[in-house]
Amino acid sequence: MANIIPFSFRGALFSAQHDLANGGNTFNLSLYVTNPYTTASTVYLAGTGNGEVDTTGGTNYSPFALVNQAVVSTTAVASVDWATDPNWASATFTASFAAIYNTTTVDGTANRLVVVLDFGGAKTATNGTFTVAFPAVNTAADAIISMS
């Protein structure tokens, strides 16, 4: 499977339901053992019944608040990236997917899905730091989310 940008993201973006500028909306990243999403998905699905990593039992997992997003726009590409790679210290869990979603309620809808990331297989931390490493941004096209 590959990364997914839900169809609803584009419409929500062009309808001003995502403010990706720093100081705009608030975004989180959640981790999943199995992927509950398709391109038709619209909102964040919480809980182990939806494949999310278990938040109980000393796993040291909860959705990660993304901060200090930076929007860059050139003549060919617009992108957004966050200042800090999501990480969980003293973590004990396995994840294969992540979802970035907008926690801000706009037009009566909270937790609008932005993108689903496929790790290409299970990644595990055992009482260590689990990090989702966003790509280094040398140009706008290198960002975790970019559109051309």
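The set of residues in segment 94-148 that are farther than 21 Å from residue 73 by Cβ, in a strand (DSSP E or B) and among the hydroxyl-bearing types (Ser, Thr, Tyr) comprises 94, 96, 101, 109, 124, 126, 129, 131. Within segment 41-79, being surrounded by 16 or more Cβ atoms within 10 Å (Cβ to Cβ), of a type in the set (Ser, Thr, Tyr) and modelled with pLDDT under 85 holds for one residue alone: 79. Go through segment 80-113 and give me each residue that's open to solvent by 20 Å² or more (accessible area, probe 1.4 Å), more than 24 Å from residue 58 (Cα to Cα) and among the aliphatic types (A, V, I, L, M). If the condition is that a residue be open to solvent by 20 Å² or more (accessible area, probe 1.4 Å), more than 24 Å from residue 58 (Cα to Cα) and among the aliphatic types (A, V, I, L, M), then 83, 106, 110 are the ones that fit. Under the condition of being open to solvent by 50 Å² or more (accessible area, probe 1.4 Å) and under 15 Å from the mean Cα position of the chain (by Cα), which residue from segment 22-33 is nearest to residue 123 (Cα to Cα)? It comes out as 33.
So, in segment 1-60, how many residues would count as being touching a helix residue (DSSP H, G or I) at 6+ places or on another chain (Cβ under 6 Å) and either under 19 Å from residue 108 (Cα atoms) or among the hydroxyl-bearing types (Ser, Thr, Tyr) (or both)?
Selection size over segment 1-60: 3.
For segment 53-90, which residues satisfy the criterion of being within 19 Å of residue 128 (Cα to Cα) and part of a strand (DSSP E or B)? Selection gives 64, 87, 88, 89, 90. Filtered by the rule that a residue be in contact (Cβ under 8 Å) with a residue 12 or more places away in the chain and open to solvent by 70 Å² or more (accessible area, probe 1.4 Å), segment 3-14 gives 3, 7. Of all residue pairs spaced 6 or more apart or on separate chains, those with beta-carbon atoms under 6 Å, a first member in segment 70-89 that is in contact (Cβ under 8 Å) with a residue 60 or more places away in the chain and a second member that is open to solvent by less than 50 Å² (accessible area, probe 1.4 Å) and of a type in the set (Ser, Thr, Tyr) are 72/79; 77/146; 79/146.
The values are calculated or read from the model by the stated rules, or taken from the named source; none is laboratory data. Nothing here was measured: the structure is a model prediction, and the numbers come from that model. No Cβ is skipped: glycine too gets one built from the backbone with ideal geometry, and neighbour counts run over all protein chains shown. For the accessible areas, the whole protein counts, side chains as well, though only heavy atoms, and no ligand, DNA or RNA atoms are used. Shrake-Rupley method; radii C 1.70, N 1.55, O 1.52, S 1.80 Å.
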